[in-house]
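Read the structure below first, then the notes.
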Amino acid sequence: MATNEKLVRQSVSLPARLARRVRTLAEKSRTSTNRVLVDLIETGIESKEAEKSKFFDLADQLSATSDPVERNRIKEILARMTFGE
């Protein structure tokens, strides 16, 4: 998080078990629970964006390839990404 960004106060309710895990992470890294939550949220957003990018890259590969074996492999990967294992 850049220091010149405008901060917005946001209230979030966490399940007790998750709140304990966040506090434990904060204690281990000697930082605030707020910092841990911000880091986790940023990491989660980046992960979702990377997953979306990978999906579209695979979709592009699927449309570009004419090899039936490769097409099936890519289709299986896309199906797992979409519907799970």
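Nothing in this text is a laboratory measurement; each read-out follows from the coordinates by a stated rule. In this text the structure is predicted, and so the values were computed from the model without any measurement. Counting neighbours? That spans all protein chains shown, and the Cβs are built from the backbone with ideal geometry, glycine included.
Tabulated values for the structure
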| read-out | value |
| --- | --- |
| Signed unit charges on C-beta, dipole axis of the chain, positive-most listed residue F56, V36, S66 | V36 |
| Lys, Arg +1 and Asp, Glu -1 on Cβ, resulting dipole of the chain about Cα centre, debye, nearest 20 | 680 debye |
| Of every Cα-Cα pair in the chain, the percent that sits beyond 16 Å | 68 percent |
| Whichever lysines have a C-alpha closer than 18 Å to that of K52, once near sequence neighbours (fewer than 8 apart) are set aside | K75 |
| Length-normalised contact order of the chain in % [C-alpha pairs under 8 Å, at least 6 apart] | 15 percent |
| Helical contribution to [θ] at 222 nm, DSSP H n ≥ 4, -39,500 (n - 2.57), averaged over the chain, rounded to 500 | -25000 deg cm²/dmol |
